Amino acid sequence: HWCPGNPLRMLANVTMLQVADAICRHNLDKDWLRAESPLLQKVVDWLESELITKDHLVSGSGFYTERPMRVAYDGIAQCYTSETLRRTSELFQWIGLKDYADHCEQTAELIASAYRKHFWTCDRFAEYIHPERGSIALHGYTDVDWAAIATGIASPEQIEILWPKLKNNQDFYYDGMPTGIATRPDTYEPWEWEGTDRNDLAAMGRVWYLEAWARTRMRDAEGLVD
């Protein structure tokens, strides 16, 4: 049950909502959105029934199919799913489907609230929650911390603690290249890896995007330019 298995099970459905949002922001076509809205509602309903637990945690680690694999509840998945449902709420609101828009907004906030409760570990967010080992926050600050700020899921109090730890942290740069997945990549343990090598350390380009997004949200122009 906890094996990552098919990573697209989670990723494809959240991405479909993200693509719909991108299309609408580009073409501003309400007729297109009205025609597609039944399908989008089915996607939201499926996510709620299959991937979102009764505690409002999002199962799966589809945004990272590389190594090390995050089993069960990935911090990135929480951030992106909550933020995507907020965008989806705006889409439904735009075409007059207020009840379903409110439902998406409420679900997004439930995920965000659960994330702030279950993932916060005094001065950072856990990277993921393992079904047997609990919260994994042993690898320094990670991409999940950037994502929490970038997507607006962290509370103001959490941001006040976290942002100074991220803003000028050079440990995110591997040989000067932005942006690494964690500030202590050497601390990943054997049980966290599938396969025989450690040559991956998950899509750095995606983490760079999250850093840039977080700096934009924090109005850190100097850091963004750097």
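The values are calculated or read from the model by the stated rules, or taken from the named source; none is laboratory data. In this text, all values refer to a predicted model and were calculated from it rather than measured experimentally. Don't worry about glycine lacking a Cβ; one is built from the backbone with ideal geometry, like all the others, and counts go over all protein chains shown. These accessible areas exclude ligands, DNA and RNA; they are computed on the full protein's heavy atoms, side chains included. Shrake-Rupley method; radii C 1.70, N 1.55, O 1.52, S 1.80 Å.
The figures follow:
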{"read-out": "Test for D171: is it in contact (Cβ under 8 Å) with a residue 12 or more places away in the chain and either assigned to a loop (DSSP other than H, G, I, E, B) or surrounded by 14 or more Cβ atoms within 10 Å (Cβ to Cβ) (or both)", "value": "no"}
{"read-out": "L57, sole failed condition from (1) more than 15 Å from L17 (Cβ to Cβ); (2) in contact with an Asp or Glu (Cβ under 6 Å, 6 or more places away or on another chain)", "value": "(2)"}
{"read-out": "Filter result (open to solvent by 30 Å² or more (accessible area, probe 1.4 Å), of a type outside the set (S, T, N, Q), part of a helix (DSSP H, G or I) and modelled with pLDDT of 85 or more) within region 192-226", "value": "R206, W208, Y209, W213, R217, A221, E222, L224, V225"}
{"read-out": "Among the residues listed as L97, L51, the single one being aliphatic (A, V, I, L, M), modelled with pLDDT of 95 or more and in contact with a helix residue (DSSP H, G or I) (Cβ under 8 Å, 6 or more places away or on another chain)", "value": "L97"}
{"read-out": "Filter result (open to solvent by less than 10 Å² (accessible area, probe 1.4 Å) and under 16 Å from the mean Cα position of the chain (by Cα)) within region 82-98", "value": "S82, T84, L85, T88"}
{"read-out": "Some residue of region 146-156 being free of Cβ contacts under 8 Å to residues at least 60 places away in the same chain and aromatic (F, W, Y)", "value": "no"}
{"read-out": "Qualifying residue in region 69-81 (condition: open to solvent by 10 Å² or more (accessible area, probe 1.4 Å), closer than 29 Å to E192 by Cβ, in contact with a Lys or Arg (Cβ under 7 Å, 6 or more places away or on another chain) and not in a helix (DSSP H, G or I))", "value": "no"}
{"read-out": "Subset of region 149-165 [farther than 12 Å from L210 by Cα and surrounded by 13 or more Cβ atoms within 10 Å (Cβ to Cβ)]", "value": "I153, A154, S155, Q158, I159, I161, L162, W163, K165"}
{"read-out": "Single residue of L110, L138 found to be over 22 Å from I23 (Cα atoms), open to solvent by 10 Å² or more (accessible area, probe 1.4 Å), assigned to a loop (DSSP other than H, G, I, E, B) and of a type in the set (A, V, I, L, M)", "value": "L138"}
{"read-out": "Residue within region 35-52 that is outside any helix (DSSP H, G or I) and not polar (S, T, N, Q) present", "value": "yes"}
{"read-out": "Criterion violated by A101 - all others in (1) surrounded by fewer than 17 Cβ atoms within 10 Å (Cβ to Cβ); (2) free of Cβ contacts under 8 Å to residues at least 24 places away in the same chain satisfied", "value": "(1)"}
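Listed here are the residues, each with its yes/no results for (1) in contact with a Cys (Cβ under 7 Å, 6 or more places away or on another chain); (2) farther than 23 Å from T187 by Cβ; (3) not polar (S, T, N, Q).
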{"residue": "Y128", "(1), (2), (3)": "no, no, yes"}
{"residue": "P131", "(1), (2), (3)": "no, no, yes"}
{"residue": "L138", "(1), (2), (3)": "no, no, yes"}
{"residue": "A150", "(1), (2), (3)": "no, yes, yes"}
{"residue": "E157", "(1), (2), (3)": "no, yes, yes"}
{"residue": "K165", "(1), (2), (3)": "no, no, yes"}
{"residue": "N168", "(1), (2), (3)": "no, no, no"}
{"residue": "Y173", "(1), (2), (3)": "no, no, yes"}
